[in-house]
Structure formats: structure tokens, C-alpha cells
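> Please see the structure below; I have some questions.
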Amino acid sequence: MNIFKLLISGVCFFGLFAVVNAKPQQNNQVFQIAKGPPAHAKAHGYRKKRMYHYYPGAQVYFDSGRGLYFYLSGGSWVSAVTLPSKLKLKLGSSVELELETDSPFHLHHKHKLRFR
């Protein structure tokens, strides 16, 4: 009977020693939560739409949500929180556009023809 107790004690001791010295496994997996399709992918669902005021007379876009104007300057599109004085005088009436883009000027060739 003593040998049996000694054997059980030895197994318990080594089992306890193994549990105490065990190192936790590291999980190196990184999970990223998708926030919709990437910008280059076709949308198969909802894409955020932005409201713009387009001023055809001055060829200016205004995004009221972000408070940004987009206008042509020297052949390039510029974004700014204020307009140059000359453009403010040319604004005239506007047309509201709901677009699925952060850069409305990419569609300017279409808007220019449509809203002459």
C-alpha cells in the first residue's frame, strides 16, 4: 500500500509541477474589422453619399458636411475652407448634388455639360 501512495504522490507532484511551469500559448492572429468594401471595389451595398452644392457659373463645389469648397485654380482642383474673392462674386445659383465620392470634381466633365 505504501508503494501505491508513493506512486500517486509522485504523479500528482509532477503533474502539479508541469501545470505551474506551463507557458501560455501565444495567439498571434490579428483580426481587422471591415468597414465596407475598399474604395476600388464595386459597392454591393451602401456607400456613404455626400451632399454638394454645385455652382455652375463659377465651377465650384461646396460640401456643407465638411465645410469644404472645391474649385479650379490654374488648371488644378483645390480644396479650401474659403473661396477667393473673385469666385465669391461669380457664385450665382447652385444645384444640389448627392454623390458617392469625396472628390466631386472627378465628375466635373459631366456636371459641366448637364448644368450649363
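> Among the numbered criteria (1) surrounded by 10 or more Cβ atoms within 10 Å (Cβ to Cβ); (2) under 21 Å from the mean Cα position of the chain (by Cα); (3) modelled with pLDDT of 80 or more, which one does GLU98 miss?
(1)
> Taking the residues in region 62-91 that are in a loop (DSSP other than H, G, I, E, B) and either hydroxyl-bearing (Ser, Thr, Tyr) or within 26 Å of the chain's Cα centre (by Cα) (or both) as candidates, determine which candidate is nearest to TYR52 (Cα to Cα). Break it down stepwise before answering.
From region 62-91, those in a loop (DSSP other than H, G, I, E, B) are 64-67, 74-75, 81-84, 91; that's our starting set.
Next cut, either hydroxyl-bearing (Ser, Thr, Tyr) or within 26 Å of the chain's Cα centre (by Cα) (or both) only: 64-67, 81-82.
Values: SER64: 7, GLY65: 9, ARG66: 10, GLY67: 10, VAL81: 14, THR82: 15 Å.
Only one residue fits best here, namely SER64.
> Just to be sure, is GLY57 touching a residue at least 12 places away in the same chain (Cβ under 8 Å) and loosely packed, with under 12 Cβ neighbours inside 10 Å? Show your work before the answer.
On the way: touching a residue at least 12 places away in the same chain (Cβ under 8 Å): yes; loosely packed, with under 12 Cβ neighbours inside 10 Å: no.
So GLY57 does not fit the description; no.
> Anything in region 64-82 that is buried (at least 18 other Cβ atoms within 10 Å of the Cβ) and in contact (Cβ under 8 Å) with a residue 24 or more places away in the chain? List them, or say none.
The answer is PHE70, and nothing else.
> Just checking, how many residues over region 101-116 are aromatic (Phe, Trp, Tyr) and surrounded by fewer than 17 Cβ atoms within 10 Å (Cβ to Cβ)?
Looking only at that region, the number is 1.
> Still on this structure, please answer the following. Of the residues LYS48, LYS90, which is closer than 21 Å to ARG116 by Cβ and modelled with pLDDT under 90? Walk me through it before giving the result.
Values: LYS48 fails: closer than 21 Å to ARG116 by Cβ.
From the options LYS48, LYS90, the qualifying one is LYS90.
The rows are residues; the columns are (1) out of contact with any strand residue (DSSP E or B) (no Cβ under 8 Å at 6 or more places or on another chain); (2) within 16 Å of PHE115 (Cα to Cα).
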{"residue": "TYR52", "(1), (2)": "no, yes"}
{"residue": "ALA80", "(1), (2)": "no, no"}
{"residue": "LYS86", "(1), (2)": "yes, no"}
{"residue": "VAL95", "(1), (2)": "no, yes"}
{"residue": "GLU98", "(1), (2)": "no, yes"}
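The values are calculated or read from the model by the stated rules, or taken from the named source; none is laboratory data. Every value quoted in this text rests on a predicted model; they were computed, and no experiment measured them. All Cβ positions, glycine included, derive from the backbone under ideal geometry; neighbour counts span all protein chains shown.
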